[in-house]
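S.K.: One structure, pasted below without further comment.
The values are calculated or read from the model by the stated rules, or taken from the named source; none is laboratory data. Small disclaimer: the values here were computed from a predicted structure and weren't measured. Neighbour counts are summed over all protein chains in view; Cβ atoms, including those assigned to glycine, are modelled from backbone coordinates with ideal geometry. Calculation scope for accessible area: heavy atoms of the full protein, side chains included, ligands and nucleic acids excluded. Shrake-Rupley method; radii C 1.70, N 1.55, O 1.52, S 1.80 Å.
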Amino acid sequence: MALLQTDLESDRQNKLISHYQKALVIKYNNPHAHEKLAKIYQSQFQFQQASYHYIKSLQFDPNNLRNYWKLKFSLLAASWSKEKIDDGLLEEGVALVHQTVENQPNFPVARVVLGMLLTLQGKIESAIDSYKAASYQQILLSHPHLVEKHWDFGQQLQPKFIIPGFRKCGTTSLYSYVSKHPQVLPAVGKELHFFDSFFKQDIDYYLAHFPQIYNSKNYITGEATPRYIYSSKIAQEIFAFFPKMKFIVLLINPVDRTISSYFHRRRIDYEYYKSQLTQVTQNCLNKTIEKIPSLINQRFDWLFDDSLSSLQEKYQQFTDYILLPDLLSSLYIYYLKEWMNIFPREQFLIIKSENLFENPSATMKQVYNFLDLQDNYMPEFRNCNPGSYAPIPDDLRHQLVDFFRPYN
């Protein structure tokens, strides 16, 4: 059944590719068709093709600001998959974004995308300059008085906090709430991925993503990359540079996180994967759970730190264990223990995601106190990245509850 559905989905996507390619023969400067093709290729892990069509879409519609973020993610995913982006395409992307920077100087995201493109070209010094310029423009919009009095491109504000995980637990909302505090100067983006994707670069490359101010005692900065928590090697890398770093960790009911993670990985076609969950998982969950004990004593890095192409091959091997990656990534205790073997417990604030969303004011006061911030500031609390999926069958939920009970 799963194989048949996969074939049907592949056939559907191929028909869509053919449809949009024909549309481009008729009108090559159709930004909508390029964007649609980019999304399909991205869902197929063909990131060079996806990046090409995002660039083309932006060439013909440079004001579609959301596509700059999508291009950035496609380029980042290419770096994870070890897929080399064509030099000519990178050059075309750099020329495009340079033009956007000139035409829209108050749009810092364009400078962030330019930094990514230059990094992939190996032009690290130029990338650093681009990230610094993005940070300058961003803080100029939010704290103009601070930029006028205390900005110094030779001075680097070091991060005080990182939200390292877990994925699908509300990290986007938490980072948004923290970043709105008047004493917090955010990085150029929520997820910097330095320690899992760009660690071969010098630490100055990482610090370029944060504001450059010289009178920083009243301000802090930080980031949130929820992939970090899955690797103790990353904890060691962070400790080498920032042994006093503070960490805020979000934990949600692991049953809910598992299902949310499943749909997040398979959000290409919601209806297709919704039916797959109800038709396949009920038959294979017992097999999946039986598989877990043999993996518990192994390091989980093999599952989370490899390239996306390798992960895709691994997931395909788990046809009978479809929830395995999601179950493993919800066993919080194993990751936390490894991180607390490196950093002392008092440098962690662990929060229940349910508390964050049910009583955000009280929860954020905890966060502000932990970060030594004034706790009399309360931003507007809005779920910044909500997910949704159909209710799962009761017997499946009961099985998952029983599975997680000893690990809670």
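S.K.: Filter the range 337-356 for residues that are within 25 Å of T221 (Cβ to Cβ), out of contact with any Leu (no Cβ under 9 Å at 6 or more places or on another chain) and in contact (Cβ under 8 Å) with a residue 40 or more places away in the chain and give the result.
M.R.: Result: W339, I342, F343, Q347.
S.K.: Next up: Looking at the range 136-145, is at least one residue within 17 Å of Q183 (Cα to Cα) and in contact with a Phe, Trp or Tyr (Cβ under 7 Å, 6 or more places away or on another chain)?
M.R.: Within the range 136-145, the subset within 17 Å of Q183 (Cα to Cα) is 136, 138-145.
In the following step, the residues that additionally are in contact with a Phe, Trp or Tyr (Cβ under 7 Å, 6 or more places away or on another chain) were identified as 136.
Yes, the range 136-145 has at least one match.
S.K.: Tell me the helices (runs of 4 or more DSSP H) entirely within the range 324-408 that contain at least 2 residues that are over 17 Å from S261 (Cα atoms) and out of contact with any Pro (no Cβ under 8 Å at 6 or more places or on another chain).
M.R.: On the way: elements: 324-328, 332-340, 353-358, 360-370, 394-404.
The helices (runs of 4 or more DSSP H) meeting that bar are 332-340, 353-358, 360-370, 394-404.
S.K.: Any idea how many residues of the range 40-64 are free of Cβ contacts under 8 Å to residues at least 12 places away in the same chain and either under 27 Å from W80 (Cβ atoms) or part of a helix (DSSP H, G or I) (or both)? Reasoning before the result, please.
M.R.: Applying the first criterion (free of Cβ contacts under 8 Å to residues at least 12 places away in the same chain) to the range 40-64 yields 46, 63.
Of the ones still in play, those that are also either under 27 Å from W80 (Cβ atoms) or part of a helix (DSSP H, G or I) (or both) are 46.
Residues flagged as free of Cβ contacts under 8 Å to residues at least 12 places away in the same chain and either under 27 Å from W80 (Cβ atoms) or part of a helix (DSSP H, G or I) (or both) within the range 40-64 amount to 1.
S.K.: Let me ask something else about it. Filter the range 49-64 down to the residues that are polar (S, T, N, Q) and more than 19 Å from the chain's Cα centre (by Cα) and list them by number. Quick ask: steps written out before the conclusion?
M.R.: Of the residues in the range 49-64, the ones polar (S, T, N, Q) are 49, 51, 57, 59, 63-64.
Residues satisfying the conditions are Q49, S57, Q59, N63, N64.
S.K.: Scan the range 131-147 for residues that are under 17 Å from L118 (Cβ atoms) and open to solvent by 10 Å² or more (accessible area, probe 1.4 Å) and jot them down. Please lay out each step first, then the result.
M.R.: Of all residues in the range 131-147, those under 17 Å from L118 (Cβ atoms) come to 131-137.
K132, A133, Y136, Q137 - these are the residues of the range 131-147 that are under 17 Å from L118 (Cβ atoms) and open to solvent by 10 Å² or more (accessible area, probe 1.4 Å).
S.K.: Still on this structure, please answer the following. Before we move on, is S126 modelled with pLDDT of 95 or more, of a type in the set (S, T, Y) and over 22 Å from the mean Cα position of the chain (by Cα)? Outline the logic, then answer.
M.R.: On the way: modelled with pLDDT of 95 or more: yes; of a type in the set (S, T, Y): yes; over 22 Å from the mean Cα position of the chain (by Cα): yes.
Criteria met by S126.
S.K.: Shifting gears a bit: Where in the range 134-236 are there helices (runs of 4 or more DSSP H), lying fully within it, with 2 or more residues that are more than 18 Å from F370 (Cβ to Cβ)? Explain how you work it out, then say what you get.
M.R.: Working: elements: 144-150, 171-179, 194-197, 203-207.
The helices (runs of 4 or more DSSP H) meeting that bar are 144-150, 194-197, 203-207.
S.K.: With respect to the numbered conditions (1) in a helix (DSSP H, G or I); (2) under 17 Å from H193 (Cα atoms), which one is the sole condition not fulfilled by K82?
M.R.: Result: K82 passes all but (1).
S.K.: L114: part of a helix (DSSP H, G or I) and farther than 14 Å from A134 by Cα, yes or no?
M.R.: Numbers: part of a helix (DSSP H, G or I): yes; farther than 14 Å from A134 by Cα: no.
In short, no.
S.K.: Same structure again: Filter the range 237-263 down to residues that are among the polar types (S, T, N, Q) and part of a helix (DSSP H, G or I) and give me whichever is surrounded by the fewest Cβ atoms within 10 Å (Cβ to Cβ). Even if it seems obvious, please write down each step before you answer.
M.R.: First, the residues of the range 237-263 that are among the polar types (S, T, N, Q): 253, 258, 260-261.
So of that shortlist, the ones also part of a helix (DSSP H, G or I) come out as 258, 260-261.
Numbers: T258: 23, S260: 20, S261: 23.
Per the criteria, the residue is S260.
S.K.: Could I ask something else about it? If I ask for residues that are of a type outside the set (D, E, K, R), open to solvent by 70 Å² or more (accessible area, probe 1.4 Å) and either part of a helix (DSSP H, G or I) or touching a helix residue (DSSP H, G or I) at 6+ places or on another chain (Cβ under 7 Å) (or both), which ones from the range 21-39 would you list? Steps first, answer last, please.
M.R.: To start, the set of residues in the range 21-39 that are of a type outside the set (D, E, K, R) comprises 21, 23-26, 28-34, 37-38.
Okay, now just the ones that are also open to solvent by 70 Å² or more (accessible area, probe 1.4 Å), so 21, 25-26, 28-29, 32.
Across the range 21-39, the qualifying residues are Q21, V25, I26, N29, H32.
S.K.: Across the range 335-377, which residue is surrounded by the fewest Cβ atoms within 10 Å (Cβ to Cβ) among those that are under 14 Å from F166 (Cα atoms) and β-branched (V, I, T)?
M.R.: Filtering first and then ranking leaves I350.
S.K.: Okay, next question. Looking at (1) at pLDDT 85 or above; (2) more than 22 Å from the chain's Cα centre (by Cα), which one does S353 not meet, given that it meets all the others?
M.R.: (2)
S.K.: Continuing with this model, one more query. List pairs: first residue in the range 138-156 and aromatic (F, W, Y) and modelled with pLDDT of 90 or more, second residue part of a helix (DSSP H, G or I) and surrounded by 14 or more Cβ atoms within 10 Å (Cβ to Cβ) anywhere in the structure, Cβ distance under 8 angstrom, at least six positions apart or on different chains.
M.R.: W151/Y136; W151/I139
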